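Undergrad: I'd like to ask some things about the structure below.
The values are calculated or read from the model by the stated rules, or taken from the named source; none is laboratory data. Source: prediction; values computed, not measured. Cβ: placed from backbone, ideal geometry, glycine included. Neighbour counts: every protein chain shown. Calculation scope for accessible area: heavy atoms of the full protein, side chains included, ligands and nucleic acids excluded. Shrake-Rupley method; radii C 1.70, N 1.55, O 1.52, S 1.80 Å.
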Amino acid sequence: MKIFGITVLILAPLVVITLGMDILMGFDLDNSMKHAFNPFLVKEPAEFILFLILLVFLLFSFFYRKKKKGNTKGQQ
């Protein structure tokens, strides 16, 4: 419960800052809400490709560790 509370306490000011920055840049409140809660709408293609590469790397490392952990249990 403590982790959830800390997450909400960090999330709220960050969303307010994001909305404020978008409004200062000239977006209306509707577009600011879309940008704040769906960050994939504002990504450029290069950023999206980098995100996908990092996601694939994360999944690969997760399965590699799981496979390696399974192999060490079988050897003991």
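Undergrad: Averaged per residue, what accessible surface does the chain expose to a 1.4 Å probe, in Å²?
TA: Ligands and nucleic acids excluded, the figure is 94 Å² per residue.
Undergrad: Largest first and to the nearest Å, give the Cα extent of the range 32-76 along each principal axis.
TA: Extents along the principal axes: 56, 21, 6 Å.
Undergrad: Taking the chain, which chymotrypsin sites (Phe, Trp or Tyr not before Pro) meet the DSSP loop condition and have no more than 16 other C-beta atoms within 10 Å?
TA: Qualifying residues, ordered by number: 27.
Undergrad: Something else: Can you list the residues of the range 1-24 with backbone N under 15 Å from a point 7 Å past the Cα of residue 31, pointing along Cα to Cβ?
TA: Those under the cut-off are 19-24.
Undergrad: Same structure, new question: Please state, as a whole number in µm²/s, the translational diffusion coefficient that the Stokes-Einstein equation yields for the chain at 25 °C and 0.890 mPa s, with Rh defined as the Kirkwood radius across alpha carbon pairs.
TA: Reported coefficient: 154 µm²/s.
Undergrad: Within the accessible area of the chain, what % is carbon and sulfur when the probe is 1.4 Å and the other protein chains stay in place?
TA: Roughly 73 percent, rounded to a whole number.
Undergrad: What nm value, rounded to one decimal, do you get for the distance between residue 49 and residue 65 when each label is placed 7 Å out toward the C-beta?
TA: The modelled label-to-label distance comes out at 2.9 nm.
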